[in-house]
Amino acid sequence: MTTARGFSLVEILVATSLLAVGLVAVATGLQYATGSVDLGRRETIATFFAEQRMESLKSSALADWASPALVAGTISEPYGAILSAPEYRRDTAITDLGGDDCSDPAPVATACKLVRVTVYYRAVTGAGGVGRERRVDVLTVLVARS
């Protein structure tokens, strides 16, 4: 009878294989987690740029309802136009509304303005490449002060 102690070669190979599969799974999960964190960061920055533009328009409305910054239409800022943010672009659409409840799309007198600020950005894929364009929308209604 032998009293040899230790692991056999087969047991060591099985254990090593299981460990390798587990490490590959963890590495893959980290790659997805890193991509998700980057996507969240970019979306937060895009939201900041949309809110920044919205606050500027609100300030203009409070100072002067007839301000040229509040003229109905769409203004597009291409990639690189936002200071220190070349990977973002922004569209601002302003629509004049009228009537007692601000529901008339072609008003005689503008009582309200529907403002939509859209910021576009490209997400980075898990492989480190540039993904599809994504967007963040911020909407508000500005009402003329009486």
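Table for the structure above
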{"quantity": "The range 98-127: number of residues that are farther than 30 Å from Ala85 by Cβ and not in a strand (DSSP E or B)", "calculated": "12"}
{"quantity": "Subset of the range 86-95 (residues that are in contact (Cβ under 8 Å) with a residue 24 or more places away in the chain and touching a Phe, Trp or Tyr at 6+ places or on another chain (Cβ under 7 Å))", "calculated": "Glu87, Tyr88, Arg89, Arg90"}
{"quantity": "Of the criteria (1) of a type in the set (Phe, Trp, Tyr); (2) buried (at least 17 other Cβ atoms within 10 Å of the Cβ); (3) assigned to a helix (DSSP H, G or I), which one Phe48 fails", "calculated": "(2)"}
{"quantity": "Residue within the range 115-124 that is on the phi > 0 side of the Ramachandran plot and at pLDDT below 80 present", "calculated": "no"}
{"quantity": "Only listed residue being free of Cβ contacts under 8 Å to residues at least 60 places away in the same chain and not in a strand (DSSP E or B), chosen from Ile82, Ile75", "calculated": "Ile82"}
{"quantity": "Residue count, the range 96-114 (criterion: crowded, with 16+ Cβ neighbours inside 10 Å, modelled with pLDDT under 85 and among the acidic types (Asp, Glu))", "calculated": "1"}
{"quantity": "Check on Leu83, over 30 Å from Tyr121 (Cα atoms) and either exposed (fewer than 14 other Cβ atoms within 10 Å of the Cβ) or in contact with a Lys or Arg (Cβ under 7 Å, 6 or more places away or on another chain) (or both)", "calculated": "no"}
{"quantity": "Leading residue by the ranking (nearest to the chain's Cα centre (by Cα)) among those in the range 80-126 that are charged (D, E, K, R) and over 18 Å from Glu51 (Cα atoms)", "calculated": "Arg122"}
{"quantity": "Unmet criterion (only one of (1) farther than 30 Å from Gly80 by Cβ; (2) touching a residue at least 60 places away in the same chain (Cβ under 8 Å); (3) of a type outside the set (Phe, Trp, Tyr)) for Gln31", "calculated": "(1)"}
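The values are calculated or read from the model by the stated rules, or taken from the named source; none is laboratory data. Computed from a predicted structure; not experimentally measured. All Cβ positions, glycine included, derive from the backbone under ideal geometry; neighbour counts span all protein chains shown.
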